[in-house]
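Notes to accompany the following structure.
The values are calculated or read from the model by the stated rules, or taken from the named source; none is laboratory data. Because the structure is a prediction, the values reported are computed rather than measured. Glycine also receives a Cβ, built like all others from the backbone with ideal geometry; neighbour counts cover every protein chain displayed.
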Amino acid sequence: MNGWQTLLYKESLRFWKVAFQTIAGPVLTAMLYLLIFGHALEDHVKVYDTVSYTAFLVPGLAMMSLLQNAFANSSSSLIMSKVMGNLVFLLLTPLSYVHWFVAYVGASVLRGVVVGVGVFVVSAFFTTFSFAAPLWIIVFALMGAALMGTLGLIAGLWAEKFDQLAAFQNFVVMPMTFLSGVFYSIHSLPPFWQGVSHFNPFFYMIDGFRFGFFGVSDVSPWLSFSVVGATLLVVSGVALHLLRTGYKIRS
Amino acid sequence: MAAISFQSVSKAYPSPKSSKAGASNGTFLALDSVSLEIEEGEFFGLLGPNGAGKTTMISVLAGLTRATSGSVRVLGHDVQTDFAQARRSLGVVPQELVFDPFFNVRELLRIQSGYFGIRNNGAWIDELLENLGLTDKANANMRQLSGGMKRRVLVAQALVHKPPVIVLDEPTAGVDVELRQTLWQFIAKLNREGHTVLLTTHYLEEAEALCGRIAMLKTGRIVALDKTSDLLKAASSNVLRFKVDAELPKALADKARITGRIVQFPANDALEVEHYLAAVREAGLVAQDVEIRKADLEDVFLDVMAQNKGSTHGVGGAA
């Protein structure tokens, strides 16, 4: 293994060693959402004519778990290394800022995808689902995880304390995921909130991802692809810039 | 080619609000135009009081901090423009006792090797573990290790890529006698094999015993730089040392170095010795365990620091 592969391996090993907390925990949380919301709303909500509410819920929940865990991986790893001081071992190596980026985001994508797959595997016991356009599923899973891993990288660099990171998670990531249409189609919202939802990049990640399963969505998957892709590019540009200038890690 | 080269390196930090020290524009200089060349194969000591700028120098050298002006090279590689080569040439043992709680000792050393692109480093890792007395801790998690053991792991981590230049930032702070001896034997061996060693320490006995050359740093400037033997020769005075049970009169105390009951005066000849002993007697005190010894590095150090008291600019905070 060369340098960046080692860092990718180490970052993956880090979450894998505490898989009970980093993988099993999030899968259990998603299952609770599925059981409770599925049970409570199954007979009351009909989003698409051909799809049961529980089946509608699964891709959204899987994507939400994938996004949250991709974010959690890079951000918590960085903040811990900063607070504990062991980031110095990485700072002393010849790895370039691109290497850092690829390794941290790569490990985040891996954790996000593992959790997302975990959610599907477990929900297969409760419902059945179709795979209308598998390629879109893979594309949106990878892009979404990369986007959130990159956002986590930025948040991890920026935050100096754990509570700052928690604030970022509670006041930015959580509202945007919950308001993205995980539990509903935005067509069921009043026109004003429908309009607002169109400015939320999370909406496009979930909507595009769901298209891969049902072949129907609120907006065209190509529009979702463009929005998510453009957001990913911008966020990556910011992250690379921060790493290159050593923002908060090299004075 | 110099192993380490500092050329007019300055590092300015924004002044903390509480500090009055510093340049007028709200910054203070942790390093003030430092120039220094360390040749390949040297065992070099960097001494200075807390806040003198020793750790800042090492941080700039290691690329953890960027110099405000000037350039730093490791074996000819600029630490900014050619950072990959510079960092490959450098092994740094950080001062803080930091560790990664997710891994055991062997995993950490394997991972650290991997960052430098080194595969199959098992033989060298075993040798490091052996030489640092860590063999039976190889599979222990970092959290389970005592402070001294963690310190050994830091040293091993710094050496996994066999760096030609080794930097030790106060490696023996809070470390027991046994580890100090093991550590110095090992580092001395590496030095004999051709590794350049740069050491900062507050244990001046260690510096005197190990370092061929020494630089003394104060408020970001080099105030003394010479071979250890020449520094000692230049001091050349002897020291009168005795114990007293009561406090010395102020006039005498000002000239003395006092450590608990032990009182020491620089004394070049018999006349000065007699003068001090007479003064003690006149004060109604009894000098016990009187001896005269040669000046050591600690005397030289205190002397140099005292001579440079007039320094007016800010004191670095990065000890």
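State yes or no: is B:Gly174 away from chain A (no Cβ under 14 Å), in a loop (DSSP other than H, G, I, E, B) and on the phi > 0 side of the Ramachandran plot?
Answer is yes for this residue.
List the helices (runs of 4 or more DSSP H) inside region A:155-251, counting only whole elements, that have at least 1 residues being among the polar types (S, T, N, Q).
A:162-168, A:174-178, A:191-197, A:221-245
With the structure loaded, tell me whether A:Thr150 is touching a helix residue (DSSP H, G or I) at 6+ places or on another chain (Cβ under 8 Å), within 25 Å of A:Lys10 (Cα to Cα) and assigned to a helix (DSSP H, G or I) or whether it fails that test.
Against the criterion (touching a helix residue (DSSP H, G or I) at 6+ places or on another chain (Cβ under 8 Å), within 25 Å of A:Lys10 (Cα to Cα) and assigned to a helix (DSSP H, G or I)), A:Thr150 qualifies.
Quick grid of which residues meet (1) in a helix (DSSP H, G or I); (2) more than 30 Å from A:Lys17 (Cβ to Cβ); (3) at pLDDT below 95; (4) away from chain A (no Cβ under 11 Å):
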{"residue": "B:Asn25", "(1), (2), (3), (4)": "no, yes, yes, yes"}
{"residue": "B:Ile38", "(1), (2), (3), (4)": "no, yes, no, yes"}
{"residue": "B:Ala86", "(1), (2), (3), (4)": "yes, yes, no, no"}
{"residue": "B:Phe102", "(1), (2), (3), (4)": "no, no, yes, no"}
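Say whether the condition of being of a type in the set (S, T, N, Q), more than 14 Å from the chain's Cα centre (by Cα) and part of a helix (DSSP H, G or I) is met by at least one residue in region A:36-51.
no
Can you spot a residue in region A:120-127 that is modelled with pLDDT under 95 and surrounded by 24 or more Cβ atoms within 10 Å (Cβ to Cβ)?
yes
Among the candidates B:Leu179, B:Leu159, single out the residue that is more than 14 Å from the chain's Cα centre (by Cα) and at pLDDT below 90.
Being more than 14 Å from the chain's Cα centre (by Cα) and at pLDDT below 90 holds for just one of B:Leu179, B:Leu159, which is B:Leu179.
Just to check your reading of the model, which residue among B:Arg221, B:Arg151, B:Arg192 is of a type in the set (Lys, Arg) and free of Cβ contacts under 8 Å to residues at least 12 places away in the same chain?
B:Arg192
Being in a helix (DSSP H, G or I) and either at the interface with another protein chain (Cβ under 10 Å from one of its Cβ atoms) or in contact (Cβ under 8 Å) with a residue 60 or more places away in the chain (or both) is true for just one of B:Ser71, B:Ser113. Which residue is that?
Sole residue among the options that is in a helix (DSSP H, G or I) and either at the interface with another protein chain (Cβ under 10 Å from one of its Cβ atoms) or in contact (Cβ under 8 Å) with a residue 60 or more places away in the chain (or both): B:Ser113.
Would you say B:Glu96 is surrounded by fewer than 16 Cβ atoms within 10 Å (Cβ to Cβ) and more than 13 Å from chain A (Cβ to nearest Cβ)?
no
Can you tell me which residue among A:Ser81, A:Ser75, A:Ser65 is within 14 Å of chain B (Cβ to nearest Cβ) and assigned to a helix (DSSP H, G or I)?
It is A:Ser81.
Between a residue in region A:1-26 that is at the interface with another protein chain (Cβ under 10 Å from one of its Cβ atoms) and any residue that is charged (D, E, K, R) and part of a helix (DSSP H, G or I), which pairs come within a Cβ distance under 7 Å, given they are 6 or more apart or on different chains?
Within 7 Å, the pairs are A:Phe15/A:Arg111.
For region B:129-141, which residues satisfy the criterion of being outside any loop (DSSP other than H, G, I, E, B), more than 10 Å from B:Arg106 (Cα to Cα) and touching a residue at least 24 places away in the same chain (Cβ under 8 Å)?
Residue satisfying the conditions is B:Asn131 alone.
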